[in-house]
C-alpha cells in the first residue's frame, strides 16, 4: 500500500494539531508534512516545550496519523551560504534545533531547501558556506539518527538530482539524501526527469507530487499553485519510472490551500487526478 501524505499548508492554518490530524485521516492520508518556514510563527516551533511536544505525540497516537517529515524552509531567511556571519550561525542553530525537535517526535526526515542563498547574490563563497554548513548539520543529524533530505528546487543551485549527487560525493553519510519534487524536476528544460530519478534512486527518501509551468526563454516558470494536469509534469510516465525502479517510499501531495474556503474540494480534486495515475503505474492506493 502506497503511503500518501498531505502538506500542512494544504490544511487550514488556525486549527489545533489534533484537528489537523483528524482532517488528514478523514481525507484518507497516512501522514502530514509539517512546515517550519521563514515566518516567526512557524520558526517558534523549534522552541516548543517538552510538554507541547508530548501533547503532539499523544495526538498522533490517538488519531493514528503521524508527522512523517518536516519541510524546513526557514533557511530561505537564514541561509547557510549567507555572507552575514550572524545569519550563518542562525542557520546552524536552527538546524540543530530542528534535528532535536524531529528526534523528540520520532520524525524520520527533515527536508532541507536546496538554496545556498535565496535573497542574496550567489557566489563561490555562498556555495562553500552552504557545503560547510550542510556537512556540520549532517554530522549532528547522524548523532540523532535523523535523515536530512535535500529538496530539488525552483532555483538553479539545486534544480536536479545530478547537482545533489555532486554534493553527496563530498559528504559521505547515509544521513544525507534527496527529496525530489516532480514538478521542480520537470520545470527545468535542461533536465530529463526520468533519467534524473534513475540516477538518484538509491538516495530518494520521499517524492513531492506537484505540477509546475516550465522555465522557458520567455518565462521564469511557475513552481506553486499550478492545478494538477495543467502543468508540464508527466505524472504517469514518472510514476511508472519510479515503480520500475522499485521505489516504495512515501508520496506527499504538496498544495497551498490553507486559506481556501474550499480546501477539501481542492484536495479531493488533486486526489481524483493523481490516484488513478498512481494505480495505473502499479501503486496500491485507497481513494
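The values are calculated or read from the model by the stated rules, or taken from the named source; none is laboratory data. All values derive from a computational prediction rather than experimental measurement. Quick reminder, even Gly has a Cβ in these numbers, built from the backbone with ideal geometry, and neighbours come from all protein chains shown.
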(request) Please work out if residue 200 is at positive phi and modelled with pLDDT of 95 or more. (result) no
(request) For region 1-44, name all the residues that are modelled with pLDDT under 95 and under 28 Å from residue 284 (Cα atoms). (result) 1, 2
(request) State yes or no: is residue 179 touching a strand residue (DSSP E or B) at 6+ places or on another chain (Cβ under 6 Å), under 20 Å from residue 278 (Cα atoms) and either at pLDDT 95 or above or surrounded by fewer than 20 Cβ atoms within 10 Å (Cβ to Cβ) (or both)? (result) yes
(request) Taking the options 258, 280, name whichever one is touching a helix residue (DSSP H, G or I) at 6+ places or on another chain (Cβ under 8 Å), in a helix (DSSP H, G or I), farther than 20 Å from residue 187 by Cα and at pLDDT 95 or above. (result) 280
(request) Among the residues of region 117-133, count how many are farther than 18 Å from residue 92 by Cα and more than 23 Å from the chain's Cα centre (by Cα). (result) 3
(request) Looking for whichever is within 21 Å of residue 6 (Cβ to Cβ) and part of a loop (DSSP other than H, G, I, E, B) here; the options are 229, 183. Which one fits? (result) 229
(request) Would you check which residues across region 126-168 are part of a helix (DSSP H, G or I) and in contact with a strand residue (DSSP E or B) (Cβ under 7 Å, 6 or more places away or on another chain) and list them? (result) 137, 138, 141, 158, 161, 164, 168
